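**Q** Before anything else, here's the structure in question.
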Amino acid sequence: SLAGFGNLMQDVLWCFSQVKGTIDIGVAEADIISTVEFNHTGELLATGDKGGRVVIFQREQESKNQPHRRGEYNVYSTFQSHEPEFDYLKSLEIEEKINKIRWLPQQNAAYFLLSTNDKTVKLWKVSERDKRPEGYNLKDEDGRLRDPSMITVLRVPVLRPMDLMVEATPRRVFANAHTYHINSISVNSDYETYMSADDLRINLWNFEITNQSFNIVDIKPANMEELTEVITAAEFHPHHCNTFVYSSSKGTIRLCDMRTSALCDRHAKFFEEPEDPSNRSFFSEIISSISDVKFSHSGRYIMTRDYLTVKVWDLNMENRPIETYQVHDYLRSKLCSLYENDCIFDKFECVWNGSDSVIMTGSYNNFFRMFDRNTKRDVTLEASRENSKPRAILKPRKVCVGGKRRKDEISVDSLDFSKKILHTAWHPSENIIAVAATNNLYIFQDKVN
């Protein structure tokens, strides 16, 4: 369940080696992974799937006999987070699919995480129990109540050791606040509030209040026929609790400051890159839609992912991105067929490494891409069972566009568009990544010499 990666060159350009193989979470539609998220320490990794389940993997402690061997991730807890529902007022089925998972920083022995489907956000507490109380006065060991008149001796209950049990319990349910599908949740740096975003609105919640939320963004027009864009992703600034960004289907990013007004209809900053008229086509609007937006850990930059590129924006420069990385530019000539098979609407995510120096995002054919911001080098790697032999170094893959194909290259016409890496996660401090390929989870780490 743990795999690894090491330096491909002297530069910070990663290739990967597999240590244990892959974590297979099944083959059915319900088993397709829909989100992946490390917690703040990287010791836990949570995945959500289309069946409404959350699976948490825990990193084992390093072995004393083999101090250089990295700890492996094994299943820690599995629980059903959401169930399918039906809205009888709107005759609408509500899927159980987990859209996003976000961890809260650990404050005590228990772990807390938020999970959401299209309509409802839940706060879960995950805790361990290795002792059980025995010797109650008013009930027997089976839990049945005893007759008080038969109790003649006062007993002091004691805690007895038991097999470790991990319990997941829902502590809060935040429902009935979204008319449209929730696409993002983000925990604020004050750790008292979080926001949830759907296609047209963003709501601010307090963790202690489940029956009331504050609408902080509303882009719904009075006449729905005048609707020109929708919200696609939103995230809080990592350090400033008053600042957040949200992206739109028009390829724009708005930075909002909650100190200016209760309703952030007027943005503080507006990030947009002017379109090159020479690249204008029928698909321009579709491929410019932003599918993910992420603040850097430092809070200085914003990263956005659209269909063909990843862009890095400086918060102090609104008119154009400071960096643009082509993820799979060879698909530009295939946009017509990608439109016909609906792949052009796929929503790819993007992530930073712990130091904000490397960017990772997914592509088709189970390829995922990494871009080194310092050296401007990039690499394409593949997550698949065929090349996942133990400790084998993953070789960079190259896509051939027309002309003569080399032995180690794959033709753009041979790419499998049903295999796609939409969801990835990067350990907050180490070079460990998690890559979700349909119903398989691959975990890679840098090569151990």
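**Q** Considering the dipole of the stretch 14-446 built from charges on the beta carbon (Lys and Arg +1, Asp and Glu -1) around the Cα centre, which of L227, V55, I182 is farthest to its positive end?
**A** V55
**Q** Under 5 Å between amide H atoms, partner at least 5 residues away or on a different chain: which partners does E323 have, H built in plane at 1.01 Å?
**A** So E323 has HN proximity to V312.
**Q** Which lysines, if any, have their Cα less than 18 Å from the Cα of K407, not counting same-chain residues under 8 positions apart?
**A** K395, K398
**Q** Show me the chymotrypsin sites (Phe, Trp or Tyr not before Pro) within the stretch 268-364 that DSSP assigns to loop and that have at most 13 other Cβ atoms within 10 Å of their Cβ. List each step's numbers first, then the result.
**A** Working: sites: F270, F271, F282, F283, F295, Y301, Y307, W313, Y325, Y330, Y339, F345, F348, W352, Y364; in loops: F282, F283, Y307, F348.
Loop-located and lightly packed - F282.
**Q** Another question, if that's okay. So, with +1 on the Cβ of K and R and -1 on the Cβ of D and E, and no other charges, what is the size of the charge dipole of the chain about its Cα centre, to the nearest 20 debye? Intermediate values should be presented prior to the final figure.
**A** Values: 57 positive and 64 negative charges, 270 e Å.
Result for the chain is approximately 1300 debye, rounded to the nearest 20.
**Q** Run the reach check for K125 against aspartates and glutamates, Cα to Cα strictly under 20 Å, same-chain hits fewer than 8 apart removed. What comes back?
**A** Here the aspartates and glutamates satisfying the reach criterion relative to K125 are E37, E43, D49, E83, E96, D163, E167, D190, E192, E208.
**Q** Between (1) 24.1, 92; (2) 23.1, 69; (3) 21.1, 67, which matches Rg and Dmax of the Cα atoms in Å calculated for the structure shown?
**A** (1)
**Q** Taking 0.36 nm per residue of separation and subtracting the Cα-Cα distance, what length does fully extending Y88 through F345 add? Numbers along the way, then the final one.
**A** Values: separation 257, 0.36 × 257 = 92.52 nm, distance 2.91 nm.
Value of the extension gain: 89.6 nm.
**Q** Here is a further query. At what distance in angstrom do the alpha carbon centres of the stretch 323-387 and the stretch 407-449 lie from each other?
**A** Comparing the Cα centres of the stretch 323-387 and the stretch 407-449, I get a distance of 10 Å.
**Q** Just how far, in whole angstrom, is the stretch 265-313 from the stretch 159-237 if you go by their alpha carbon centroids?
**A** Taking the Cα centre of the stretch 265-313 as reference, the centre of the stretch 159-237 is 23 Å away.
**Q** Pull out the extension gain between N137 and K407, defined as 0.36 nm times the separation in residues minus the alpha carbon to alpha carbon distance; nm, one decimal. The partial results should precede the final answer.
**A** On the way: separation 270, 0.36 × 270 = 97.20 nm, distance 7.63 nm.
In short, 89.6 nm is gained.
**Q** A further question on this structure: With a probe of 1.4 Å, find how much accessible area the chain has per residue, and write the answer as a whole number in Å². Don't skip to the end; give the middle numbers.
**A** Working: 22680 Å² over 449 residues.
With all protein chains present, the chain gives 51 Å² per residue.
**Q** With 31 Å as the limit, write out which pairs from K97/K131; K97/K419; K294/K376 have Cα-Cα distances beyond it, or answer none. Let's see the in-between values first.
**A** Values: K97/K131 34 Å; K97/K419 19 Å; K294/K376 20 Å.
In this structure, K97/K131 lie more than 31 Å apart at Cα.
**Q** Further question: Please list, by residue number, every one of the trypsin sites (Lys or Arg not before Pro) in the stretch 177-286 that is coil in DSSP and has at most 16 other beta-carbon atoms within 10 Å.
**A** Sites meeting the loop and neighbour criteria: K250, R259, R266, R280.
The values are calculated or read from the model by the stated rules, or taken from the named source; none is laboratory data. Note that the structure is predicted; figures quoted are calculated from it, not measured. No Cβ is skipped: glycine too gets one built from the backbone with ideal geometry, and neighbour counts run over all protein chains shown. To get the accessible areas, we keep the full protein, side chains included, count just its heavy atoms, and leave off ligands, DNA and RNA. Shrake-Rupley method; radii C 1.70, N 1.55, O 1.52, S 1.80 Å.
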